[in-house]
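Chemist: Here it is: the structure, laid out below.
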Amino acid sequence: MDTTRDAARERDAADPLAAYRERFSVPDDYYVDGNSLGPLSTDAEAALDRVVEEWRDLGIRGWTDGDPPWFRYGEYLGSRLAPLVGAREHEVVAANSTTVNIHTLLGTLLNGLDDPLVLVDELNFPTDTYAVRAQLRNRGFDPDDHTVVVESRDGRTIDAADVEAALTDDVDVVFLPSVLYRSGQLLDLKRVTDAAHAHGAYVGFDLAHSVGVVPHDLHSLGVDFAVWCSYKYLNAGPGSIAGLYVHERHHERTPALAGWWGHEKDTQFEMRDTYTHANTAGAWQTGTVPVFAAAPLDGSLDVVTDAGIDAIREKSVALTDYLVSLVDDRLGDDFSVGSPRDPNRRGGHVAIEHPEAARITEAMKDRGVVGDFRPPNVFRVCPSPLYTRFEDVYDVIEELRDVAETEAYREHSLDGSVT
Ligand SMILES: Cc1ncc(COP(=O)(O)O)c(C=O)c1O
Ligand SMILES: Nc1c(O)cccc1C(=O)C[C@H](N)C(=O)O
């Protein structure tokens, strides 16, 4: 691969998604942390402004007369999210937070099992582990005895063969991330789903690091459930409403966290004492939809939908391939790539490993490069395709090379302060 700056410029000039950058307020010179918090777009801001105006002008009538009506905002966003995850419209809803969605979906499937066994991996994001273990504890089970934890061979990735080997007919639920938050490994969802189902287990995925950057096909794979957040590649803002998917075969089940917002919509306002849950993924909503945390997603989905998830994935792979080549070609031996090199096994970010990654992350901020550090030794770089140029990637690596060569990171202490 040609890793010169001129080549990067040529690729930017030929990039069909280049103009999308103009729709974003990118807060730093080089904002490569969009896998943690995506930036504001004019579209998201306009959608948020609209609900503020509706609140001012309509008051309570916004529930019925808003555009779209607030009452069905979660379902409305669900129907817009469904194509991104390859689901039917009634299988997706925007609701709650990712953590709450893990609780309610896993809880729903665990209800009624008298000796549950949940398969997880040792590299998953902490909140997922906390929620799985809490759901088991809440039912009186010792999580250590009721989980199978697939270990990593290299501390970075999970081998699908190890998932298969750990699957016995005793496993009830498999719950794994689609893309690992640290290394960026993209799991083979089909392989895991087929293996789980072959053993009679349900399978669910946390799509936090793939939704909006990797296309999914949840319904046709037969995945049982999935959760995700919308503040990363979907750019809907801090604490924005999360999403969930439940395969239609489970829509008869009673949600573990019942609430009136998951009630059958047509009779919700009859205020009955008896709970009749909706017959859609909407049943897994709990309380009133947080309209201000939901509206930005309506706008930011316009951007993603206009660009198209396949084009987004294509550019993302090109950007991360380019990034990996630059690390190989331009950085010293202290640096290494901690993400899979096969683009089919990689999500939208790259883990660059270095023994001084913590201080390097701080020194990079001094130069306008905002990525993040993940212990023990990872500088995470996310060239999010809607607003990152190839030349930005080139510049980020040049800054990284300079920070390492000049040892500029030594100005920072390990506790994050500048010395
Ligand atoms: C894989 C994964 N799951 C869940 C979360 C967060 O969940 P919540 O939005 O509930 O804080 C994150 C990031 O914060 C994540 O990376
Ligand atoms: N959700 C976050 C938050 O509320 C504050 C700071 C960071 C986050 C993140 O999203 C972290 C992210 N999931 C990660 O992959 O590390």
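Chemist: Please identify, among Gly155, Gly338, Gly259, the residue showing maximal mean-square fluctuation in a Gaussian network model of the chain using a 10 angstrom Cα cutoff.
Modeler: So, out of Gly155, Gly338, Gly259, the one fluctuating most is Gly155.
Chemist: Then there's this: Rounded to the nearest 20 debye, what is the charge dipole size of segment 217-361 about its Cα centre when +1 sits on each Lys and Arg Cβ and -1 on each Asp and Glu Cβ? Walk me through the numbers before you get to the answer.
Modeler: Working: 12 positive and 21 negative charges, 41 e Å.
In total the dipole reaches around 200 debye.
Chemist: Which of Leu301, Val120, Gln185 sits farthest toward the positive end of the charge dipole of segment 45-306, with +1 on the Cβ of Lys and Arg and -1 on the Cβ of Asp and Glu?
Modeler: My answer, from the dipole projection, is Leu301.
Chemist: Which one, Gly200, Ala19, Gly287, is farthest towards the positive end of the dipole of the chain when Lys and Arg carry +1 and Asp and Glu -1 on their Cβ?
Modeler: Gly287
Chemist: From the Cα gyration tensor of segment 71-191, with a ≥ b ≥ c the square roots of its eigenvalues, which class applies: rounded if a/c is under 1.5, or else prolate if a/b is larger than b/c, or else oblate?
Modeler: Numbers: a/c = 1.93, a/b = 1.28, b/c = 1.50.
Verdict is oblate for segment 71-191.
Chemist: Here's another thing I want to ask about it. For the chain, what's the relative contact order in percent, using C-alpha pairs closer than 8 Å and at least 6 residues apart? It would help to have the intermediate numbers written out before the result.
Modeler: Working: 838 pairs, mean separation 95.2, N = 419.
Relative CO of the chain lands at 23 percent.
Chemist: Just to confirm a number: summing +1 for Lys and Arg and -1 for Asp and Glu over residues other than Ala351 whose beta-carbon lies under 9 angstrom from that of Ala351, what do you get?
Modeler: Charge balance in the 9 Å sphere: +3.
Chemist: Of His412, Ser210, Ala47, which is farthest towards the positive pole of the chain's charge dipole, taken about the Cα centre with +1 and -1 on the beta-carbons of Lys, Arg and Asp, Glu respectively?
Modeler: In the chain, that residue is Ala47.
Chemist: Tabulate in residue order the Karplus-calculated ³J(HN,Hα) for segment 343-358, using 6.51 cos²θ - 1.76 cosθ + 1.60 with θ = phi - 60°, rounded to whole Hz; enter x for Gly and Pro.
Modeler: x, 5, 10, 10, x, x, 10, 10, 8, 9, 9, 7, x, 9, 4, 4
Chemist: If you take the beta carbon distance between Asp142 and Tyr275 as r and set R0 to 25 Å, what does 1/(1 + (r/R0)^6) give as a FRET efficiency, to the nearest 0.05? Can you show the working numbers first?
Modeler: On the way: r = 31 Å, r/R0 = 1.22.
Using R0 = 25 Å, I get an efficiency of 0.25.
Chemist: Taking the Cα centre as origin and putting +1 on Lys and Arg beta-carbons and -1 on Asp and Glu beta-carbons, what dipole magnitude results for segment 45-306, to the nearest 20 debye? Intermediate results must be reported in sequence, preceding the final value.
Modeler: On the way: 19 positive and 40 negative charges, 89 e Å.
The dipole magnitude comes to about 420 debye.
Chemist: If packing is taken as the average number of other Cβ atoms within 10 Å across a peptide's residues, how do 226-234, 322-330 rank, most packed first? Could you put the intermediate results ahead of the total?
Modeler: On the way: 226-234: 27.1, 322-330: 18.7.
Packing order, densest peptide first, comes out as 226-234, 322-330.
Chemist: Right, here's the next one. Subtract the Cα-Cα distance of Glu411 and Asp188 from 0.36 nm times their separation in residues, and report this length gain in nm to one decimal. Can you show the working numbers first?
Modeler: Numbers: separation 223, 0.36 × 223 = 80.28 nm, distance 4.18 nm.
Stretched out fully, the Glu411 to Asp188 stretch lengthens by 76.1 nm.
Chemist: Treating only the Cβ atoms of Lys and Arg (+1) and Asp and Glu (-1) as charged, compute the dipole magnitude of segment 154-232 about its Cα centre; round to the nearest 20 debye.
Modeler: Numbers: 5 positive and 12 negative charges, 97 e Å.
Dipole magnitude for segment 154-232 comes out near 460 debye.
Chemist: Per residue of segment 115-127, in order, report the coupling 6.51 cos²θ - 1.76 cosθ + 1.60 (Karplus, θ = phi - 60°) as ³J(HN,Hα) in whole Hz, putting x for Gly and Pro.
Modeler: Running phi through 6.51 cos²θ - 1.76 cosθ + 1.60 with θ = phi - 60° gives 8, x, 9, 10, 9, 10, 10, 7, 9, 5, 4, x, 4 Hz.
Chemist: Provide the gained length on full extension for the span Asp170 to Ala14, in nm with one decimal, where the gain is 0.36 nm per separating residue minus the Cα-Cα distance.
Modeler: 50.9 nm
Chemist: State the volume of the convex hull built on the alpha-carbon positions of the chain, expressed per residue in Å³ and rounded to an integer.
Modeler: Working: hull volume 60.6 nm³, N = 419.
Output value, Cα hull per residue: 145 Å³.
Chemist: Could you run the Debye sum over the Cα atoms of segment 206-262, one equal point scatterer each and no solvent, and tell me log10 of I(q)/I(0) at q = 0.22, 0.23, 0.24, 0.28 Å⁻¹, two decimals?
Modeler: One equal scatterer on each Cα of segment 206-262 leads to -0.95, -0.99, -1.03, -1.13.
Chemist: I'd like the Karplus ³J(HN,Hα) series for segment 310-324: coefficients 6.51, -1.76, 1.60, θ = phi - 60°, whole numbers in Hz, and an x wherever there's a Gly or Pro.
Modeler: Here the 3J(HN,Hα) series is 5, 5, 5, 4, 4, 5, 4, 5, 4, 5, 6, 4, 4, 4, 4 Hz.
Chemist: Report the label-to-label distance for Ser25 and Thr288 in nanometres (one decimal), using points 7 Å from each Cα along the Cα→Cβ vector.
Modeler: 2.7 nm
Chemist: So if R0 is 51 Å, what FRET efficiency would Met1 and Lys265 give, r being the distance between their Cβ atoms, rounded to the nearest 0.05?
Modeler: Numbers: r = 52 Å, r/R0 = 1.03.
It comes out at approximately 0.45.
Chemist: Let me ask another. What share of the DSSP beta bridges in segment 45-306 is antiparallel, in percent to the nearest 5? Kindly include the intermediate steps, with their values, before the conclusion.
Modeler: Working: 9 of 23 bridges.
Beta bridges within segment 45-306, antiparallel portion: roughly 40 percent.
Chemist: Relative to the first principal axis of the alpha-carbon coordinates of the chain, what is the inclination of helix 73-85, with its axis defined by its Cα atoms, in degrees from 0 to 90 and to the nearest 10?
Modeler: It is inclined by approximately 50 degrees.
Here, each number is a calculation from the coordinates, and none is a lab measurement. All values reported here derive from a predicted model rather than from experimental measurement. With ideal geometry, Cβ positions are generated from the backbone for all residues, glycine too; neighbour counts draw on all protein chains shown.
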